[in-house]
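Structure record follows, encoded as structure tokens.
The values are calculated or read from the model by the stated rules, or taken from the named source; none is laboratory data. What you see is a predicted model, and the numbers here were worked out from it, not measured in a lab. Cβ placement follows ideal geometry from the backbone for every residue including glycine, while neighbour counts extend to all protein chains displayed. Please note that ligands, DNA and RNA were not included when accessible areas were found on the heavy atoms of the full protein model with its side chains. Shrake-Rupley method; radii C 1.70, N 1.55, O 1.52, S 1.80 Å.
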Amino acid sequence: MRLVLMGPPGSGKGTQAKMLAERAGLTHLSTGDILREAISSGSELGSKAQDAVEGGKLVSDDVLYDIVEARLRELGSDKCFILDGFPRNLRQAEFLEAILPSLGIGIDATVLLDVPRESLLRRLSGRRVCSRCGKEYHLEFSPPKVEGVCDVCGQELYQREDDKPDKIEKRLRMYDEATLPMVKFYRDRGLLVEIEAEGGMEDVLERILDSLGQGKQGRV
Ligand code: AMP
């Protein structure tokens, strides 16, 4: 299976991508993770992306094209993957469609996670992340045992710059403007799978696997 996972900020896209990758044996390619790692390592890519990522804006398409094409080439044509965070606008979707034949692969489905706007705001504003191991918490839904401290490695938790209230508004607006037009693009190609993504993480995962014909009874 080669999948694209789409959803607004706060829809649980990153979490579902990791769980799906593990359950179905897919390589998880998250452009957000790649950019955040580049920023914390202080690489050239990181310095190009930092202002946009921390300001809740999109990084330029050219930067993303280089990253994604290189990663997909590295994986080779026999590897299955889940793309999380790319494509994020129509141009990126067209780019992906254009390069896939030269890599000898195609996309099997684009999964769209649907979550009401009020839930997105609540999820994003309560998210906290460990500054060392990257484990995610939520102040209300999955708080750490000790306030402000990671259960796994004891390091301090922080709030992502782009999860601060003014940035959240900007990211949601950007999603509506840039990312939603991709829904039609993938629907027209018969690839869109829409998932109601409210509720527990495991339930959402099962819904996705069922819709892809890979539920508990299916071939994972
Ligand atoms: P995410 O973890 O997917 O929410 O991504 C975090 C941030 O990385 C986004 O708000 C953007 O600034 C940047 N980013 C990730 N993927 C892309 C992309 N495909 N195009 C442009 N910017 C991206």
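Just in region 117-220: which trypsin sites (Lys or Arg not before Pro) are loop by DSSP and have at most 15 other Cβ atoms within 10 Å? Show your work: numbers first, answer last.
Numbers: sites: 117, 122, 123, 127, 128, 132, 135, 145, 160, 167, 170, 171, 173, 184, 187, 189, 207, 216, 219; in loops: 132, 135, 145, 160, 189, 216, 219.
Passing sites in region 117-220 are 132, 145, 189, 216, 219.
Ratio of Rg to Rh for region 42-98, alpha carbon only, Kirkwood?
Working: Rg = 12.4 Å, Rh = 12.5 Å.
Looking at region 42-98, the ratio lands at 0.99.
Can you find, among 119, 213, 47, the residue farthest towards the positive end of the dipole of the chain? Put +1 on the C-beta of Lys and Arg, -1 on that of Asp and Glu.
With unit charges placed on the Cβ atoms, the residue in question is 213.
Remind me, relative contact order of region 105-171 in percent, using alpha carbon pairs under 8 angstrom and six or more residues apart?
Details: 65 pairs, mean separation 19.0, N = 67.
Relative contact order for region 105-171 comes out at 28 percent.
Using the Cα centre of region 34-121 as the reference point, and only Cβ charges (+1 on K/R, -1 on D/E), how large is the resulting charge dipole? Debye, rounded to the nearest 20.
On the way: 9 positive and 16 negative charges, 17 e Å.
Here region 34-121 has a charge dipole of around 80 debye.
Calculate what fraction, in whole %, of the accessible area of region 1-94 sits on carbon and sulfur atoms when a 1.4 Å probe is rolled over the protein chains.
Details: 1870 of 4170 Å².
C and S atoms contribute 45 percent here.
Can you divide the C-alpha Rg of region 84-211 by 2.2 N^0.38 Å and report the result to two decimal places? If you can, show how the numbers build up before the last one.
Details: Rg = 17.4 Å, N = 128, 2.2 N^0.38 = 13.9 Å.
Against the empirical 2.2 N^0.38 Å value, I get 1.25 for region 84-211.
Averaging over every viewing direction, what projected area does the convex hull of the Cα atoms of the chain cover, in nm²? List each step's numbers first, then the result.
Numbers: hull surface 48.3 nm².
Average of the hull's projected areas for the chain equals 12.1 nm².
Using a 10 angstrom Cβ neighbour count of at most 12 plus a DSSP loop assignment to flag exposed GluC sites (Glu not before Pro), which longest range of the chain is free of such sites?
Working: sites that count: 140, 147.
In short, 1-139.
For region 101-149, report the translational diffusion coefficient in µm²/s to the nearest whole number, using Stokes-Einstein at 20 °C, 1.002 mPa s, and a Kirkwood Rh over Cα pairs. Intermediate results must be reported in sequence, preceding the final value.
Values: Rh = 13.9 Å.
Reported coefficient: 154 µm²/s.
Where both partners of a DSSP beta bridge lie in the chain, what percent of those bridges are antiparallel, to the nearest 5? Walk me through the intermediate numbers first.
Values: 7 of 24 bridges.
Approximately 30 percent, going by the DSSP bridge assignments.
Taking the Cα centre of region 91-220 as the origin, how large is its charge dipole in debye, to the nearest 20, when only Lys and Arg (+1) and Asp and Glu (-1) carry charge on their Cβ atoms? Mind showing how you got there, number by number?
Working: 21 positive and 25 negative charges, 55 e Å.
Using Cβ point charges on Lys, Arg, Asp and Glu, region 91-220 gives about 260 debye.
Leaving out ligands, DNA and RNA, what percent of the accessible area of region 111-220 is carbon and sulfur, probe 1.4 Å? It would help to have the intermediate numbers written out before the result.
Details: 3170 of 6450 Å².
Of the solvent-accessible surface of region 111-220, carbon and sulfur hold 49 percent.
Helix-only estimate, please: 222 nm mean residue ellipticity of the chain, summing -39500 (n - 2.57) across DSSP H runs of length 4 or more and dividing by its residues, to the nearest 500.
On the way: 9 runs with 101 residues, N = 220.
Mean residue ellipticity at 222 nm (helix-derived): -14000 deg cm²/dmol.
Let me know the charge dipole size of the chain about its Cα centre in debye, to the nearest 20, where only the beta-carbon of Lys, Arg (+1) and Asp, Glu (-1) is charged. Before the final figure, lay out each step's value.
On the way: 32 positive and 38 negative charges, 31 e Å.
Using Cβ point charges on Lys, Arg, Asp and Glu, the chain gives about 140 debye.
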